[in-house]
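Remarks on the structure that follows.
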Amino acid sequence: MHTIAVVDDDPITRETLKAYLEGEGYRVMLARDGDQLSALLARGRIDLLLLDIRLPGKDGLAVTRELRAISNIGIILITGRSDRMDRLIGLELGADDYITKPFEPREILARTRSLLRRIAKPTRPAGGRVKRFDGWELHLDKRRLRAPGGEDARLTSAEFELLAAFVENPGRVLSRDDLLDLTLRGDSVPYDRSIDRLVRRLRRVVEPDPADPTRIVTVHGMGYMFQAAVD
């Protein structure tokens with residue numbers, strides 16, 4: 001059973017989502033702010049957050065930034081219709097999706113199921129398969145990226161899938177549609193130009209200078225290409 005935490009300062013929103021998601025077979029925990037969420041995370045595993053951006057005290061963007069430094073937990077931001085810039089910042093910080101208020105619980109359920117499928121996607125069947133480039137090691141079976149210094153680099157599920165698509169197709173120009181096909185396996189993408197944002201996030205991890213990339217390069221008018229030699 002997957003565990004979902006609903007983090008919102010509105011008690012009606014919290015209880016509505018709790019009742020609906022529990023009726024669909026999920027375990028649901030509730031928090032009204034970042035402090036209560038920290039307490040929940042300390043008590044046990046949570047698979048996915050439904051996280052309101054406008055929380056009292058530490059807001060949802062700050063929570064997203066802190067969690068992405070230590071965790072690959074699924075994050076769906078809950079935002080107001082006027083919060084477009086906050087949504088973009090949240091995605092840049094590593095949130096997986098967003099949904100705007102007012103929303104239908106069925107839409108929350110669909111987004112939740114889609115993200116949980118991506119997080120729980122089975123690993124590729126070839127056990128022990130490792131791709132290497134410029135001192136980096138991508139362990140496809142363990143879903144781990146090891147930096148040249150030997151430490152693990154933290155990637156979200158979507159970032160891992162994107163890097164795997166690149167290293168399995170080095171030297172090939174991949175359009176955004178190609179990358180969506182290879183990474184999300186048909187799951188819906190809820191925001192425009194999501195691949196571009198994922199590429200920017202991935203460059204921050206694997207490029208010496210993300211502003212002047214030499215591994216994941218843009219092929220203008222066509223898409224992206226992974227230029228590093230892969231073995």
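The values are calculated or read from the model by the stated rules, or taken from the named source; none is laboratory data. Keep in mind that what you see is a predicted model, and the values were worked out from it rather than measured. A quick note on method: Cβ atoms are made from the backbone with ideal geometry, for glycine too, and the neighbour counts reach across all protein chains shown. SASA here: full protein model, heavy atoms, side chains in, ligands and nucleic acids out. Shrake-Rupley method; radii C 1.70, N 1.55, O 1.52, S 1.80 Å.
When nucleic acids and ligands are ignored and a 1.4 Å probe is applied, TYR26 ends up with an accessible area of around 30 Å².
With θ taken as phi - 60° and the Karplus curve 6.51 cos²θ - 1.76 cosθ + 1.60 applied, the whole-hertz 3J(HN,Hα) list for the stretch 85-98 is 5, 4, 4, 4, 4, x, 5, 5, 6, x, 4, 8, 6, 8 Hz, x standing for glycine and proline. Surface listing: GLU168, GLU15 arranged by accessible area from highest to lowest gives GLU15, GLU168, probe 1.4 Å. Within the assembled protein chains, the solvent-accessible surface assigned to ILE70 is about 110 Å², based on a 1.4 Å probe. Annotation: amide H-H contacts under 5 Å for MET29 (H modelled 1.01 Å from N, sequence separation of 5 or more, or interchain): ILE4, ALA5, VAL6. Report note on the peptides 3-14, 96-107: ranked by the mean count of other C-beta atoms within 10 Å, highest first, their order is 3-14, 96-107. Sorting GLU24, GLU92, GLU151, GLU161 by accessible area puts them as GLU151, GLU24, GLU92, GLU161; the probe is 1.4 Å, largest comes first, and only protein heavy atoms count.
In this entry, the chain is assigned a mean projected area of 13.2 nm², taken as a quarter of its C-alpha convex hull surface. Note on the stretch 12-64: with neighbouring protein chains present and a 1.4 Å probe, carbon and sulfur make up 48 percent of its accessible heavy-atom surface. Amide H to amide H, with H built 1.01 Å from N, PHE103 comes under 5 Å of no residue 5 or more places away or on another chain. The candidates MET222, MET29, MET1, arranged from most to least accessible area with a 1.4 Å probe in the full protein assembly, appear as MET1, MET222, MET29.
DSSP finds beta bridges in the chain, and of those with both partners inside it, around 45 percent are antiparallel.
Couplings 3J(HN,Hα) of the stretch 147-159, computed from phi: 6, x, x, x, 7, 7, 9, 7, 10, 6, 4, 5, 5 Hz, in residue order, whole Hz [Karplus 6.51 cos²θ - 1.76 cosθ + 1.60, θ = phi - 60°; x for Gly and Pro].
Normalised per residue, the accessible area of the chain is 48 Å², obtained with a 1.4 Å probe and no contribution from ligands, DNA or RNA. Residues in the stretch 204-213 carry Karplus couplings, in order, of 4, 8, 10, 9, x, 9, x, 6, 9, x Hz; the curve used is 6.51 cos²θ - 1.76 cosθ + 1.60 with θ = phi - 60°, and Gly or Pro positions show x. Rounded, prolate or oblate: which one fits the stretch 30-117, using the alpha carbon gyration tensor with axes a ≥ b ≥ c (rounded when a/c is under 1.5, else prolate when a/b beats b/c, else oblate)? In terms of gyration-tensor shape, rounded.
The solvent-accessible area of MET225, taken with every protein chain present and a 1.4 Å probe, is close to 40 Å².
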